[in-house]
Amino acid sequence: MLKEFREFIARGNVLDMTVGIVVGTAFSAIAQSLASDLIMPPVGLVLGKVDFANLFLVIREGTEAGPYATLADAQAVGAVTLNYGTFINKVVSFLIVAFAVFMIVRSVNRLHRRIEAATARESAESEVVAEPEPVTTRECPFCCMTIALGARRCPHCTSVVEPIAAE
């Protein structure tokens, strides 16, 4: 069983998947920071100094009555909230990650198309059909050796042959 487990772990697919998960997690953290730290503050400023992380709707009051200035204040007193600002931040983060992945896949697809086009050109160039060379020889009808088309005698068996004009 241990041997089978080692074989499973050593497979390329498992290692590729592991690398993908680790890189994806790191990339997700970068995208989250990009969205929450760089994109959402200017968007909130343009929309009237709104911090999307603090957009929430109180469903049930906590131990102290509202209004609550921030989401953290509402959660601290046990209020039940609908955190649509956090949802907006996550949607923006998702769109950033999706766009970045799209750009990477698009670049890789372009590279693959260029490689395929270059390979197709190379194979087309190598498969150019050469013009057949003109026939300049024939077989002697007596000894079956190769002789020139215009020969009157076979140089091998000295038989007299009819000359054929070259095309």
Examine region 2-18 for a residue that is under 25 Å from I88 (Cα atoms) and among the small types (G, A, S), and state whether such a residue exists. no
Of those in region 101-147 that are within 30 Å of T25 (Cβ to Cβ) and of a type in the set (S, T, N, Q), the residue nearest to the chain's Cα centre (by Cα) is N109
Condition test on V23, is it outside any helix (DSSP H, G or I), at negative phi and among the aliphatic types (A, V, I, L, M)? no
Among the residues of region 135-144, are any of a type in the set (D, E), assigned to a helix (DSSP H, G or I) and either in the same structural domain as A31 (by TED's automatic domain parsing) or modelled with pLDDT of 80 or more (or both)? no
Sort through F99, F94, F87 and tell me the only one that's at pLDDT 85 or above and within 22 Å of P42 (Cβ to Cβ). F87
On the given criteria, is A130 assigned to a loop (DSSP other than H, G, I, E, B), at pLDDT below 90 and in contact with a Ser or Thr (Cβ under 7 Å, 6 or more places away or on another chain)? no
Looking at this structure, is S93 under 30 Å from I39 (Cβ atoms) and touching a residue at least 12 places away in the same chain (Cβ under 8 Å)? yes
May I ask you to verify whether S28 is in a helix (DSSP H, G or I), surrounded by 12 or more Cβ atoms within 10 Å (Cβ to Cβ) and in contact (Cβ under 8 Å) with a residue 60 or more places away in the chain? yes
Within region 113-129, is there a residue that is surrounded by 12 or more Cβ atoms within 10 Å (Cβ to Cβ), of a type outside the set (A, V, I, L, M, F, W, C) and farther than 30 Å from I147 by Cα? no
State all residues of region 43-79 that are out of contact with any helix residue (DSSP H, G or I) (no Cβ under 6 Å at 6 or more places or on another chain), exposed (fewer than 13 other Cβ atoms within 10 Å of the Cβ) and among the β-branched types (V, I, T); if no residue qualifies, say none. V46, I59, T63
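The values are calculated or read from the model by the stated rules, or taken from the named source; none is laboratory data. Keep in mind it's a predicted model, so treat the numbers as computed, not measured. As a convention, Cβ positions derive from the backbone with ideal geometry for all residues, glycine included, and neighbour counts pool all protein chains shown.
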